[in-house]
Amino acid sequence: MAAARSSRASGQVAAYVLHRYDWSESSLILDLFTRDLGRVAVAAKGAKRPYSQWRSVLLPFQRVNATFGQIGGAESNAEVLSLRGAEWAGGAAMLTGEALFSGFYLNELLMKLLARSDPHPALFDAYAQTLPSLAAAQDREREATLRAFELVLLRHTGVLPDLTRITATQQPVAADADHTLQAQAVVILPPGADEPGVPGRVMVELQSALDDGRLDAVQAACAGELPALKSMLRAVLHYHLGSSPLRTRGVMLDLQKFANLGKTARP
């Protein structure tokens, strides 16, 4: 709260670029994820010009301190705000390889699951903490990082139930029995024959870490149950995304197919 008040007082808002659209030959429309204002659309006039100082600042996965026109005034109700200033605020090195696709996957989730102008400061902080973890992680660690962020996102969008209780009966989950998270976000016992399950003790660990806001603890709890969590969370996300497919997931699957074809074609 203190950080948010300080940011507003200085006129600067901590933000990340989620997506960018061409507006004209010289300008962009940016979809920003901000700590204080939530997800907002801003017009960056002249950002595409060769001499614009914003060209090296308005990049994905790089934290910026942004200034908008008349925040709190008449323009605050505008659908698209005017970007008046943007300064690089530090951050990890640019994502590359699979980590890059993972980062774009997170950005697409935020764009499709967050309403505009709905602040989630704790989710913003989790996103900021997740990006360097993606950059430094090996495959298994990256999977745990992604599953942890998905859980945090579902929690902050209000669709994740209490993982320590059977939703229908409100009875505590059994420590050594498997439980599953249905697409409608209901914890049940036991999972069906074709449904993935996670032990109750892991559900309790996940809930405790989420309640305490400890992203590293959420990642650690996910690490031992990656296949089941991936299947469950994918179903929940698909349910809440509706008929809108994730483009990043499709691109990753296509690239994996090409990679596998290349392997089989080698002598």
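Results, tabulated for the structure shown:
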item	result
Complete set of residues in the stretch 144-171 that are at pLDDT below 95 and in contact with a Lys or Arg (Cβ under 7 Å, 6 or more places away or on another chain)	Gln171
Test for Leu28: is it open to solvent by less than 10 Å² (accessible area, probe 1.4 Å), closer than 23 Å to Gln12 by Cα and of a type in the set (A, V, I, L, M, F, W, C)	yes
One residue from Ser208, Ser117, Ser133 being of a type in the set (Gly, Ala, Ser), within 29 Å of Leu100 (Cα to Cα) and either touching a strand residue (DSSP E or B) at 6+ places or on another chain (Cβ under 7 Å) or without any contact (Cβ under 8 Å) to a residue 12 or more places away in the chain (or both)	Ser117
Ala209 being outside any loop (DSSP other than H, G, I, E, B) and within 18 Å of the chain's Cα centre (by Cα)	yes
Condition met for Asn107 (modelled with pLDDT of 95 or more, buried (at least 16 other Cβ atoms within 10 Å of the Cβ), under 23 Å from the mean Cα position of the chain (by Cα) and outside any helix (DSSP H, G or I))	no
Subset of the stretch 133-145 (residues that are open to solvent by 10 Å² or more (accessible area, probe 1.4 Å), more than 9 Å from Ala223 (Cβ to Cβ) and not in a loop (DSSP other than H, G, I, E, B))	Ser133, Ala135, Ala136, Asp139, Arg142
Where a residue in the stretch 42-66 is closer than 28 Å to Thr130 by Cβ and without any contact (Cβ under 8 Å) to a residue 40 or more places away in the chain and its partner, wherever it lies, is polar (S, T, N, Q) and open to solvent by less than 20 Å² (accessible area, probe 1.4 Å), with Cβ under 8 Å and at least six apart	Ala47/Ser27
Test result for Asp254, at pLDDT 90 or above and either at negative phi or not in a helix (DSSP H, G or I) (or both)	no
Residue within the stretch 179-186 that is modelled with pLDDT of 90 or more and in a helix (DSSP H, G or I) present	no
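The values are calculated or read from the model by the stated rules, or taken from the named source; none is laboratory data. Please read all numbers here as calculations on a predicted model, not as lab measurements. Because the Cβ atoms are built from the backbone with ideal geometry, glycine has one as well, and the counts that use them run over all protein chains shown. Protein only, heavy atoms only, side chains kept; ligands, DNA and RNA dropped before computing areas. Shrake-Rupley method; radii C 1.70, N 1.55, O 1.52, S 1.80 Å.
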